[in-house]
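For reference, the structure discussed in these notes is given below.
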Amino acid sequence: MYIRVHLLAIYRSARLIYFQAVALAFELFCATGRAQTNLPTLTTAREVHQLTREQAALGYPVHVRGVATFVSEPLEQLFIQDQTSGIFVEIRGDYGFRLATGQVLEVEGVTAPGGFAPDIEPRHIKHVGEAALPDPAKVSFDQMAAGQEDCNRVEFRGVVRCARTEPAVWAGLDVVGGGGRVIVAIDKPDAQRCKELTDAEVAVRGVCIAHFNRQGQLIQVAIQAPGMEDISVTKPPPADPFACPLRKCSHLLQYAPSGEHGHRVKVSGVVTFQQPGTNIFLADDTQGVYAQTTQSTPVQPGDVVEVLGFPASGKYVSPVLEDAEFRKVGAAAHLNPVRIDAENGTRDTNHAALVQVEATVLNHVQRLHNQALQLRSGPTVFDAQLDMAPGRGRSLAGIPDGSRVLLTGICLVPADLRAAGLGANNFSLLLRSPADILLLERPSWWTVRHALWMLAGTLAVVFASLAWVAVLQNRVRAQTKIISQTVQRQAALEERSRIARDLHDELGSSLTQITLLSDRQAAEAASPALSENARKISGTAREMAQALDEIVWAVNPQHDTLEGLFEYLAQTADEFLEDTAIRCRVTTPPSHPSGTVPAEVRHQLFLAFKEALNNAVRHAHASEIQISMAAEPNRFQISIADNGIGFDASHPRPGGAGLKNLRQRLESIGGKLELISANGQGTTIKMTIPLPTFVG
């Protein structure tokens, strides 16, 4: 009862909160609508860009006029620029004419927060003329990276690093200048011309755009150029790129009193490892070098190559060649790796070199794209990783922890941070294949891991034994409890049988004797008053004998079956209706679920059954009553239907307690009452009791 009251209180509170929220939302909606209707109209691109994203989301009305600086209908992109600034317009659908760069457009719409900066959602776009594109602002990388030049027409100068010619993505150039890298997307590119511009100094004109993440944070600066004519070459690249002077690997990024900065250099050496389309490692007689390249031309360890690339300092102790390309020029003798001690592995001369080191395997690590070993040699701990090529999924799994191995691989030494007081990072090895691992000695079987496994196994056996003992004890307790309950139940049944016999033999015989004496007294009485009193005593005694018979039936355990219950109810109905003019038809099931029905259940059900019969005889004015008894695996049902006058079940008779008593008796034993009646159509009472509640 407490739970139901508590849930009702929660429900009422939730309804109150819901209606308050709806009212508040409606007020906010109305307030927002009133605020938006009073927003001023913005007439310049700068006014739109000066809004915060939250302000732009309010939908300020916009009416601007500017020149289309870039148009791409497939990408739904339109950039216009007026005398104050540039702005992005989200184009969708047909505006009655074909948009093109150089058109003077009038745009009416509302502001939107945009992905990076506020933009315009147009309602109408009108073509009002043609005009030259605005003069581009000469900007640096830092100015564009600050985001203030977004959507403006700009000019950026730098060196072309590489050409991007994948039509499925976009085509254009990567230009580096002022310490930053800018992607130049060209709407109508010339792929061959773009490749020829590598290492050229160029001036790029176009719209500055921002690449951003889902949080609206700038991650890359780009320029959208309408065509190749917007790329001006200020210094052409060498006619033959590989004709430039050859440098030693150890001379990269060294001080030189003269020379150009930011252009490609050429090195030559023997290939030690290649990951096609990603990188290539080579070494000359001074040092090894790591070159990043998208070129996938296959070469083999031992091939001699020339590499062109842009030297840059990065996360390693030696320079890296970025945006490199290479060509094979010959072949060398067999490669001999340099044998090193792990303690000296972090020397910068070891970086990008092919080395050998002896170590002990500590652990295996499985990563997304590679697998690695953690190793120790003396006090030094380092990693060796192998690329996850097809067919190598478990190539390192056969080397158990604790093994002594000899590894051959490319040494990678991270930038030394000791000068900054941050300590030095350990080196790592890049393995070329599983053959780069030579197993020198397998670990002893009696390792710490195996000892822990043995200890764990012993403890598991001990705990399992203890658990089994506990289970046996619980089973003994449970069995003892079952035996005790069985004994108690048997004793209770015997006691119920004795009580039933005593009631029947003693009280039953006494009530029978009272009935006989009262009948004799009524026949021999000297006066009518005495005769009437004797008949009342006789009637009362018979009623008490009938009630006693019902109690004996309920108490006697021999009747604790569903079949016995049905038979007794059918007999009761025949006797109850015997002295009436009402026909009675009883239908019982051919079979019954096994089990026992407790005395309390039978008693309450019997009283409910009699109450239903009594209501039908007294109030229904029926000529026939049909009683149906049905049993299912999980419930049984008793239906009492009469053909009497019926009544409106939705408006029961005032003051009647019979139906209320019926319902309460059934609910006390887990059952339920169903009443079907209508005026002039008789009445049907269905009593349903779930068998699991009491049969067992």
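The values are calculated or read from the model by the stated rules, or taken from the named source; none is laboratory data. All figures in this text were calculated on a predicted structure; none of them were measured in a lab. Note that we place each Cβ from the backbone using ideal geometry, even for glycine, and neighbour counts take in every protein chain shown. Accessible surface areas use protein heavy atoms only, side chains included; no ligands, DNA or RNA. Shrake-Rupley method; radii C 1.70, N 1.55, O 1.52, S 1.80 Å.
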Hey, any hits in region 243-252 for a residue that's open to solvent by less than 60 Å² (accessible area, probe 1.4 Å), modelled with pLDDT of 90 or more, assigned to a strand (DSSP E or B) and under 18 Å from Glu322 (Cβ atoms)?
no
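Residue-by-condition table, conditions (1) touching a residue at least 24 places away in the same chain (Cβ under 8 Å); (2) crowded, with 21+ Cβ neighbours inside 10 Å; (3) under 27 Å from Lys188 (Cβ atoms); (4) of a type in the set (Phe, Trp, Tyr):
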position: Leu58; (1), (2), (3), (4): yes, no, no, no
position: Pro61; (1), (2), (3), (4): yes, no, no, no
position: Glu73; (1), (2), (3), (4): yes, no, yes, no
position: Phe88; (1), (2), (3), (4): yes, yes, yes, yes
position: Glu108; (1), (2), (3), (4): yes, no, no, no
position: Arg123; (1), (2), (3), (4): no, no, no, no
position: His127; (1), (2), (3), (4): yes, no, yes, no
position: Phe141; (1), (2), (3), (4): yes, no, yes, yes
position: Gln148; (1), (2), (3), (4): no, no, no, no
Filtered residues of region 585-597 (kept if open to solvent by 40 Å² or more (accessible area, probe 1.4 Å), closer than 29 Å to Glu624 by Cβ and either outside any strand (DSSP E or B) or not basic (Lys, Arg) (or both)):
Val586, Thr587, Thr588, Pro590, Ser591, His592
Inspect all residues belonging to region 400-409 and state whether any of them is at pLDDT below 90 and within 22 Å of Leu368 (Cα to Cα).
yes
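Identify, from the list Val317, Val299, Val307, Val265, the residue that is open to solvent by less than 30 Å² (accessible area, probe 1.4 Å) and over 24 Å from Val202 (Cβ atoms). Walk me through it before giving the result.
Values: Val317 fails: open to solvent by less than 30 Å² (accessible area, probe 1.4 Å); Val307 fails: over 24 Å from Val202 (Cβ atoms); Val265 fails: over 24 Å from Val202 (Cβ atoms).
One residue alone meets the criteria, Val299.
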By residue number, the members of region 176-197 that are surrounded by fewer than 20 Cβ atoms within 10 Å (Cβ to Cβ) and outside any strand (DSSP E or B) are Gly178, Gly179, Lys188, Asp190, Ala191, Gln192, Arg193, Lys195, Glu196
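Tell me, which residue of region 201-224 that is in a loop (DSSP other than H, G, I, E, B) and of a type in the set (S, T, N, Q) is least open to solvent (accessible area, probe 1.4 Å)? Quick ask: steps written out before the conclusion?
The initial filter retains those residues of region 201-224 that are in a loop (DSSP other than H, G, I, E, B), namely 213-217.
Add one more test, that the residue is of a type in the set (S, T, N, Q), and what stays is 213, 215, 217.
Working: Asn213: 46, Gln215: 129, Gln217: 102 Å².
That would be Asn213.
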(1) touching a residue at least 24 places away in the same chain (Cβ under 8 Å); (2) more than 30 Å from Gln81 (Cβ to Cβ); (3) surrounded by 13 or more Cβ atoms within 10 Å (Cβ to Cβ): which one isn't true of Pro236, the others all being true?
(3)
Scan region 574-593 and report the pairs whose first residue is on the phi > 0 side of the Ramachandran plot and whose second residue is of a type in the set (Val, Ile, Thr) and not in a loop (DSSP other than H, G, I, E, B), with Cβ atoms within less than 7 Å and a gap of 6+ or a chain change.
none
Out of (1) at pLDDT 90 or above; (2) buried (at least 18 other Cβ atoms within 10 Å of the Cβ), the odd one out for Gln371 is which?
(1)
On the given criteria, is Glu155 assigned to a strand (DSSP E or B), open to solvent by 30 Å² or more (accessible area, probe 1.4 Å) and on the phi < 0 side of the Ramachandran plot?
no
As an exercise: evaluate Arg376 against (1) open to solvent by less than 80 Å² (accessible area, probe 1.4 Å); (2) more than 25 Å from Ile183 (Cα to Cα); (3) at pLDDT 90 or above and give the number of the one condition it does not meet.
(1)
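Identify all residues within region 440-483 that are within 30 Å of Leu406 (Cβ to Cβ), open to solvent by less than 70 Å² (accessible area, probe 1.4 Å) and either more than 43 Å from the chain's Cα centre (by Cα) or of a type outside the set (S, T, N, Q) (or both); write none if there are none. Show your work before the answer.
First, the residues of region 440-483 that are within 30 Å of Leu406 (Cβ to Cβ): 440-453.
Now drop any that are not open to solvent by less than 70 Å² (accessible area, probe 1.4 Å), which leaves 443, 447, 450-451.
Within region 440-483, Pro443, His450, Ala451 qualify.
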If we keep just the residues of region 598-622 that are of a type outside the set (A, V, I, L, M), modelled with pLDDT of 80 or more and open to solvent by less than 50 Å² (accessible area, probe 1.4 Å), which is nearest to Gln664 (Cα to Cα)?
Gln604
Unmet criterion (only one of (1) under 29 Å from Arg161 (Cβ atoms); (2) assigned to a strand (DSSP E or B); (3) touching a residue at least 60 places away in the same chain (Cβ under 8 Å); (4) in contact with a Ser or Thr (Cβ under 7 Å, 6 or more places away or on another chain)) for Phe326:
(3)
Scan of region 136-161 for residues that are modelled with pLDDT under 90 and either in contact with a Leu (Cβ under 8 Å, 6 or more places away or on another chain) or charged (D, E, K, R) (or both), ordered by number:
Gly147
